[in-house]
Structure formats: C-alpha cells, structure tokens
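J.: Would you mind keeping the following structure in view while I ask a few things?
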Amino acid sequence: MRTENLSSENFSSGKRNYFIDFKRAINDSHYICITRSDKLQSGGYRRSNVVVFEEDFHFLVSAFSSLFQSAAHLDYQGIGGIQQLSKTSIKGRKGISSSAAEMQPREKFVSYGAQGVNDAELISMLIGTGSASQNAVATSEEILKAAGGRLDRIYAQDFESLSTFKGIGVAKSCAILAALELGRRMCATG
C-alpha cells in the first residue's frame, strides 16, 4: 500500500506554488506535507517540502497559534498586522478564500459544528464558488433573500429558477435541491 492523499489545499503566488496535503502513511499513521514548488527560468521546477507527523500536530497548531497571536500586535509594513490583513483583500485574491480563514464557511463548520454556520454559509458549501463579481456566500445570501429567508421556499423551486442567479448553473442548483431533498427525506422517515 502506498501513501494515500486524504485532503489537499493549494495556492499560488507568482511563480511559486504551495501544496498542503494531509496523508495516510504506509503504517496507517497520518502526516501533513507542505510543498513549495518554484518555476525555474529553464522551465523546470524546484520543489522543497516539510513533513509534520501526526504525533507532532499539536506542536504545529500551537506554534501557528503563537505566531499569529504575536503577529496580530505588529504593524506589518503599515498594513496594521494580521487583524488588518484579514480585513483587506489581497490583490488578485477574490471569493471566500480571501476572507480570514476562521470566517470561511468550511473552517467555521469544522471548528464550531453545523450550528456555528448560518443557512447562507451552508448553501455556499454546497455550491463551492460564486461568480466573478461575488463569492459563494454572497450568492447564497441572494438566493435566501429571494426566498424570504426560508429554505422551504428554495426547495419549492426547480433547478431552472435557481439557475437564474448569477454563478448558479444546473449543477449548483441541483446540488442545493438535492441537499434539501435529503433533509426532507430524513424528516419524513424520522
């Protein structure tokens, strides 16, 4: 059995790409691999990585927590530190990912559970992305507002009417309706 990639995130900055992978090792333990890939002038890539094993996750989390807590009180190049950075969209970044990590729906869901996430954020997790002009949460808020804030009114729509919202096509509207149908079926058998 080879190592298995359980979850991945990535981001880019210029000619630099970062990959953060949560993996299962051959011995069934878990680890995080953080890889930096730099594009070279020759057209190739230079990669470097850091691996943090499961038994050290708490050290990594503690170190990041301390780092961000300390950085929150610094004034970074006149921007106002981490707190100001989280309020300022970084050039080139749009959507939910430009928000502070703790404000992103998936991260809130993981940290606080389903009750810590509002209806618009839950819907945004289903549709994944919004449009070029607004993120998934804003799109979900528009859908909810048009339904008077009531999920049952969204459920009563068909995929064609949901597809009239900018950034929502057949696939995303069907995902919303499928989730609401699962909820209805669960209540019916409850």
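The values are calculated or read from the model by the stated rules, or taken from the named source; none is laboratory data. Predicted model only: the values in this text are computed from it and were never measured. A quick note on method: Cβ atoms are made from the backbone with ideal geometry, for glycine too, and the neighbour counts reach across all protein chains shown. The accessibility values were calculated without ligands, DNA or RNA, using every heavy atom of the protein model including side chains. Shrake-Rupley method; radii C 1.70, N 1.55, O 1.52, S 1.80 Å.
J.: Give the stretch 161-190 a look and list any residue that's charged (D, E, K, R) and closer than 15 Å to THR139 by Cα, or say none.
T.: Across the stretch 161-190, the qualifying residues are LYS166, LYS172.
J.: Can you confirm whether the stretch 119-128 contains a residue that is among the hydroxyl-bearing types (Ser, Thr, Tyr), under 28 Å from SER65 (Cα atoms) and either open to solvent by less than 80 Å² (accessible area, probe 1.4 Å) or modelled with pLDDT of 90 or more (or both)?
T.: yes
J.: Report, by residue number, each residue of the stretch 153-173 that is within 21 Å of the chain's Cα centre (by Cα) and surrounded by fewer than 17 Cβ atoms within 10 Å (Cβ to Cβ).
T.: LYS166, GLY169, ALA171, listed by residue number.
J.: Suppose we keep only residues that are among the polar types (S, T, N, Q) and either touching a residue at least 40 places away in the same chain (Cβ under 8 Å) or touching a helix residue (DSSP H, G or I) at 6+ places or on another chain (Cβ under 7 Å) (or both) within the stretch 140-167. Which one would you say is nearest to LEU177 (Cα to Cα)?
T.: This residue is SER163.
J.: Checking the structure you have, find out if any residue of the stretch 175-190 is modelled with pLDDT of 90 or more, over 16 Å from LEU122 (Cβ atoms), open to solvent by 60 Å² or more (accessible area, probe 1.4 Å) and hydroxyl-bearing (Ser, Thr, Tyr).
T.: Scanning the stretch 175-190 turns up no residue that is modelled with pLDDT of 90 or more, over 16 Å from LEU122 (Cβ atoms), open to solvent by 60 Å² or more (accessible area, probe 1.4 Å) and hydroxyl-bearing (Ser, Thr, Tyr).
J.: Step by step: first the residues of the stretch 27-66, then only those that are part of a loop (DSSP other than H, G, I, E, B) and touching a strand residue (DSSP E or B) at 6+ places or on another chain (Cβ under 9 Å), then the one that is surrounded by the most Cβ atoms within 10 Å (Cβ to Cβ). Which residue is that?
T.: Only one residue tops the list, namely SER29.
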